[in-house]
Amino acid sequence: MRPQKHICIVGGGPAGLSCALMLKRYGISARIFEKEEIGGLIRNAWRVENIPLMPARSGAEIVAEFKRLIDINGLEIVKDEILSVEDGRLFGIKGEYPYDFLVIATGTKPKRIPEFEISERVSYEYVKLPRGISNLAVYGGGDIAFDGALKAFENGIKPEIFIRGERPRALLKLVEEARNRKIPIHHKTPIREVRSHGERLVIVTSQGEQQEFDALLIAIGRVENLPKMNVENFDKVLIIGDAAHVHYRQMSIAIGEGIKAAMMIIELLGGAE
Ligand SMILES: Cc1cc2nc3c(=O)[nH]c(=O)nc-3n(C[C@H](O)[C@H](O)[C@H](O)COP(=O)(O)OP(=O)(O)OC[C@H]3O[C@@H](n4cnc5c(N)ncnc54)[C@H](O)[C@@H]3O)c2cc1C
């Protein structure tokens, strides 16, 4: 029998969950700390079709599958936000936790525009938009912006995309999907100001044009998101998934790194029993 070790995983997105599931396969239990909802960023996705051997699925379907696997494998989820890490110890909002091995899978946080954050109608994630909206301004020209506009369209919401540059940076396929649905794309149209007008928002562009929307989705990029790390010994700490990368932010990479982290921990514990 292996000696009992505290294995902690911070982040219940694809990377953290894949790590915990792989450990469980080898009979090793880990604690997953999640500050929000299980599933991470992929909860927002309209259609995920770049995972080899997996048919195209929505983010919601992927999260439902993760939840099913959590249940049948009896994974332990602790609802807490980990604020800082020291050697052998995690400090959350609700408590302190010891660890022998730590996996940081905390993903990314959005690039913010604080002056636009005038109400809950302004969001950086599709799943956090208010319910019952009928039109949506999307700010950004990358994959996440186009994915959000397409998801809105599918949900019967009229989206319009505002991009700063001359051309979108998003995958051509997503741009074509948006064009096929005749989703308006305003090129070279940065948003200059966001105001409240009753329940709605007024979006003012750099050209001085004003339009009313029920909500605004800002998707202008994301940066790494790590808890405060006061750690000297990194031999027992692994950083994986989107949190570890600037350029390679894909669900399959996050899943692969979760599995690899699990295999490394199993090795450090003396291999499979
Ligand atoms: C709209 C959209 C569409 C996408 N579509 C695709 C696609 O089609 N194909 C693809 O491959 N990828 C896609 N992605 C990217 C994919 O979602 C990410 O690459 C993947 O989710 C990264 O997984 P992760 O586990 O590393 O991080 P995340 O999914 O970001 O998960 C991190 C988790 O950690 C939690 N957390 C963060 N900090 C703390 C803390 N301090 N304490 C406790 N918990 C914390 C967060 O709440 C979150 O649940 C898409 C992303 C978006 C937004």
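Where a number appears in this text, it was derived from the coordinates with a stated rule and is not lab data. Bear in mind that the values here come from a model prediction, so they are computed numbers and not experimental data. Note that we place each Cβ from the backbone using ideal geometry, even for glycine, and neighbour counts take in every protein chain shown.
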Only Lys, Arg (+1) and Asp, Glu (-1) charged, at Cβ; the chain dipole about Cα centre in debye:
520 debye
Taking Lys and Arg as +1 and Asp and Glu as -1, residues besides LYS79 with C-beta under 14 Å from its C-beta add up to -3
What does the charge add up to near VAL48, with Lys and Arg as +1, Asp and Glu as -1, over the other residues with Cβ less than 10 Å from its Cβ?
-1
Euclidean distance of C-alpha centroids, region 52-76 and region 234-273, integer Å
19 Å
If you take the square roots of the eigenvalues of the alpha-carbon gyration tensor of region 112-220 and sort them as a ≥ b ≥ c, do you get rounded (a/c under 1.5), prolate (a/b over b/c) or oblate?
oblate
The pairs in LYS67/LYS94; LYS67/LYS182; LYS5/LYS94 lying past 30 Å Cα-Cα in this model are LYS67/LYS182
Positive dipole terminus of region 1-149, leading residue within LEU83, ILE104, VAL48 (C-beta point charges):
VAL48
Residue-averaged [θ]222 nm for the chain, counting only DSSP H segments that reach four residues, each worth -39500 (n - 2.57)
-7500 deg cm²/dmol
Around GLY142, under 12 Å between beta carbons, what's the net of Lys plus Arg minus Asp minus Glu among the other residues?
+4
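Between LYS188 and ARG68, what FRET efficiency follows from the Cβ-Cβ distance if R0 is 45 Å, with the result rounded to 0.05? Can you show the working numbers first?
Working: r = 45 Å, r/R0 = 1.01.
The pair LYS188/ARG68 has a calculated efficiency of 0.50.
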Which FRET efficiency value, to the nearest 0.05, do you get for LYS228 and ILE77 by plugging their Cβ-Cβ distance into 1/(1 + (r/R0)^6) with R0 = 25 Å?
0.65
Charges at C-beta only: +1 for Lys and Arg, -1 for Asp and Glu. How large is the resulting dipole of region 67-219 about its Cα centre, in Debye rounded to 20?
660 debye
Any chance you could give the angle, 0 to 90 degrees and rounded to 10, that helix 14-25 forms with the longest Cα principal axis of the chain?
30 degrees
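Subtracting the Cα-Cα distance from 0.36 nm times the residue separation, let me have the gained length for VAL246 to ASN180 in nm, one decimal. Each step should come with its number before you reach the end.
Values: separation 66, 0.36 × 66 = 23.76 nm, distance 3.09 nm.
Full extension of this stretch gives 20.7 nm more.
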